1. What net charge do the residues around Arg2 carry, taking every other residue with its C-beta under 12 Å from that of Arg2, with Lys and Arg at +1 and Asp and Glu at -1?
2. Just rank Ser179, Ser318, Ser54, Ser93, fewest to most, by other beta-carbon atoms within 10 angstrom.
3. Just tell me which lysines come within less than 21 Å, Cα to Cα, of Lys233; anything on the same chain fewer than 8 places away is out.
4. Which log10 I(q)/I(0) values, to two decimals, does the stretch 199-356 give at q = 0.14, 0.15 Å⁻¹ under the Debye formula with one point per Cα?
5. Around Ala23, with a cut-off of 14 angstrom between Cβ atoms, what is the net charge of the other residues, counting Lys and Arg +1 and Asp and Glu -1?
6. I need the peptides 209-220, 103-114, 79-90, 186-197 ranked by packing, meaning the mean over residues of other C-beta atoms within 10 angstrom, with the highest value on top.
7. I need Val68, Val46 ordered by Cβ neighbour count within 10 Å, fewest first.
8. Can you tell which of Ala36, Ala55, Ala336 shows the greatest fluctuation in a Gaussian network model of the chain with Cα springs below 10 Å?
Amino acid sequence: MRDETRMLLESVGRLFEDHCTKAVADSAETGTFPHALWQAVSDTGVPLAALPESAGGADAEWSDLCAVLRVAGRHAAPIPLAETMLAAWVASSAGLEVTEKPMTVGPVRGDDRLTLERDGNGWRLSGRASRLPWATDAGRIVLLADTADGAMAVVLDGTAGAELAAGRNMAGEPRDTLSFSGLRVAGDAVARAAAGVDRAALYRRGALARAVLMAGALERALDTAVTYAGERKQFGRPIGKFQAVQQNLAVMAGQVAAAGAAADLGVEALSIDDPAKQEFLIAIAKTRVGDAATLASEIAHQVHGAIGFTKEYSLQLSTRRLWSWRDEFGGDTEWAAKVGTYVCGGGADALWPTLTDG
């Protein structure tokens, strides 16, 4: 890890320790957006750091941004940090203006589709963007819509004009559905997306962002379980001294390590120009991290017993996010199928090289 990256993560870690408390997370689940937390994060410049300097960014590497997302996942940060990064990526690629306010991006589900049709000097937006993260809290919504000539980026300032169905995921994070029936959009709020920026690319990066967030949440769940096992006493000694508990924690640690390695592999895939190979590696990351989330959450709650599910205890902040994020931007089954399709497409002779390719 570069010294600059290490310093960044240390700084961001301290920020989340100070501003992302359990009280903040609990309040966010009641519908109160954590403006102070967002402002503290925004002041660091991290949400827009990947943009070129000419657009207000710092030309940061996506690997550094993903490392920050891992810290955010570790602290169960109830803010649209990943969504803002992705929204900035899409809007900036099309030359559209971004904002320092929280943003969101869509569509985030594979079967959702938005279309644009010309209407004089403007456009008409139609379609549905379901389960859009933090749509009602976002200062700007960036969408990718299809036209006869290809993908276009659309910038909306809020949800006005859309049919809104508010919702939340298991972690209490807003997931709102927006439906458009020919919404009038000004011409300067629409621009052609850059080459390589389309719904498929957004879906891949969104899945990777969720995998990285989950890797961080898994690390926190492991730390919480190990700490509790060392403090909780039964029959006169800490339960962490019992072999059965030690075995379970060892299995959990292995799952967390594997998830972290898979997430790192997915991050490395962003440097690959081949979309099919990039999707294959990100599919491995999303699938492997999802598998780890299932088993690690089970063990963490077994170690804690009933207390781990209570609102007063912090473990559920991590595990409920793991269960929620596991199914966002495509679930394990969908991404596992993509892994299988890629491997089978190469034929029998390519199987071993595919497995061992560095």
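1. Numbers: positive: Arg6; negative: Asp3, Glu4, Glu61, Asp64.
Around Arg2, the surrounding residues sum to -3.
2. On the way: Ser179 14, Ser318 30, Ser54 8, Ser93 19.
Arranged by neighbour count, lowest to highest, Ser179, Ser318, Ser54, Ser93 become Ser54, Ser179, Ser93, Ser318.
3. Lys241
4. For the requested q values the scattering log ratios are -0.70, -0.78.
5. Working: positive: Lys22, Lys311; negative: Glu17, Asp18, Asp26, Glu29, Glu312.
Net charge around Ala23: -3.
6. Details: 209-220: 27.9, 103-114: 20.9, 79-90: 26.1, 186-197: 15.0.
Averaged packing, sorted descending, gives the order 209-220, 79-90, 103-114, 186-197.
7. Details: Val68 27, Val46 23.
The most exposed by this proxy come first: Val46, Val68.
8. Ala36
Read-outs throughout are calculated quantities, based only on the coordinates presented, and are distinct from any laboratory measurement. Everything numeric in this text was worked out from a predicted model, so none of it was measured. Heads up, the Cβs are rebuilt from the backbone with ideal geometry, glycines too, and the neighbour counts pull from every protein chain shown.
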